[in-house]
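Colleague: Provided herewith is a single structure, encoded as structure tokens, for subsequent inquiry.
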Amino acid sequence: QAVVGDYRVICEPSVEIRNTPDTITVCPSGEMLLRSRKSGDALRLPGGSRSLKKLLIDRKIPASQRDAIPVLCDDEGLLGVYSIGVNWNRAAASLPAVTVRFEKIQGEKQNG
């Protein structure tokens, strides 16, 4: 479990493949890294590839909050984004895999 800003990220071995806006199942390559968005970030979704910038605009995420949205990456690139979901190029097709849950922390005191 890791806490970054207003988000908690929990990684566990997968018992099933589940891909929703806040839970993704992936087979990471190397170390996973949680970061904010970067210029050029793009996701492949069922409807095709889109830039992360456009996806956040389409979802009406205020510009002031876009850099706070957690982006999960590994050595090969972007795995998924909180509130959007998995990068379909990187979604697990079978087990073993890792399930990553993003949770927005509301009303809790944070350590640090």
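Colleague: What is the total of Lys pairs in the chain with C-alpha atoms under 20 Å apart, excluding same-chain pairs fewer than 8 positions apart?
Modeller: Numbers: Lys38/Lys53; Lys38/Lys54; Lys38/Lys60; Lys60/Lys104.
Going through the chain pair by pair, I get 4.
Colleague: With a 1.4 Å probe and every protein chain left in place, work out the accessible area per residue of the chain in Å², rounded to a whole number. The partial results should precede the final answer.
Modeller: On the way: 6740 Å² over 112 residues.
On a per-residue basis, the chain sits at 60 Å².
Colleague: Another question, then. Using only helices, what value at 222 nm comes out for the chain when you add -39,500 (n - 2.57) per DSSP H run of length 4 or more and divide by the total residues, to the nearest 500 deg cm²/dmol?
Modeller: Numbers: 2 runs with 11 residues, N = 112.
Roughly -2000 deg cm²/dmol at 222 nm, from the helical runs in the chain.
Colleague: Still on this structure: Comparing Pro28, Pro46, Pro96, which has the greatest mean-square fluctuation in the GNM of the chain with Cα pairs linked when under 10 Å apart?
Modeller: Pro46
Colleague: To the nearest 0.05, what FRET efficiency results for Thr23 and Val3 with a Förster distance of 25 Å applied to their C-beta separation? The partial results should precede the final answer.
Modeller: On the way: r = 17 Å, r/R0 = 0.69.
The pair Thr23/Val3 has a calculated efficiency of 0.90.
Colleague: How charged is the neighbourhood of Gly30? Take every other residue with its Cβ under 11 Å from the Cβ of Gly30, and add Lys/Arg as +1 and Asp/Glu as -1.
Modeller: Details: positive: none; negative: Glu31, Asp74, Asp75, Glu76.
Taking every other residue near Gly30 into account, the sum is -4.
Colleague: So if the hydrodynamic radius of the chain is defined as the Kirkwood radius over C-alpha pairs, what does Stokes-Einstein give as its diffusion coefficient at 10 °C and 1.306 mPa s, in µm² per second?
Modeller: Approximately 111 µm²/s, per Stokes-Einstein.
Colleague: Also: Could you check how much of the accessible area of the chain is carbon and sulfur, as a whole percent, using a 1.4 Å probe? Present the calculation step by step, with values, prior to reporting the outcome.
Modeller: Working: 3180 of 6740 Å².
Carbon-and-sulfur percentage of accessible area, whole number: 47.
Colleague: As a test of reading the structure, rank Lys104, Lys54, Lys60 by solvent-accessible area (1.4 Å probe, protein chains only), most first.
Modeller: On the way: Lys104 90, Lys54 115, Lys60 165 Å².
If we order Lys104, Lys54, Lys60 from most to least accessible, we get Lys60, Lys54, Lys104.
Colleague: Here's another thing I want to ask about it. Run the dipole for segment 38-102 about the Cα centre, Lys and Arg Cβ at +1, Asp and Glu Cβ at -1, nothing else charged, and hand back the magnitude in debye, nearest 20. Display every interim value, and only then the final one.
Modeller: Numbers: 10 positive and 6 negative charges, 68 e Å.
Here the size comes out at about 320 debye.
Colleague: Would you mind giving the three semi-axes, in whole Å and largest first, of the ellipsoid equivalent to segment 1-54 according to its Cα gyration tensor?
Modeller: Numbers: eigenvalues 85, 56, 26 Å².
Sorted largest first and rounded, they come to 21, 17, 11 Å.
Colleague: Given a 10 angstrom Cα cut-off, can you work out which residue in Ser14, Ser94, Ser83 is the most mobile in a GNM of the chain?
Modeller: Sorting by GNM fluctuation, first place goes to Ser94.
The values are calculated or read from the model by the stated rules, or taken from the named source; none is laboratory data. In this text the structure is predicted, and so the values were computed from the model without any measurement. A quick note on method: Cβ atoms are made from the backbone with ideal geometry, for glycine too, and the neighbour counts reach across all protein chains shown. Accessible surface areas use protein heavy atoms only, side chains included; no ligands, DNA or RNA. Shrake-Rupley method; radii C 1.70, N 1.55, O 1.52, S 1.80 Å.
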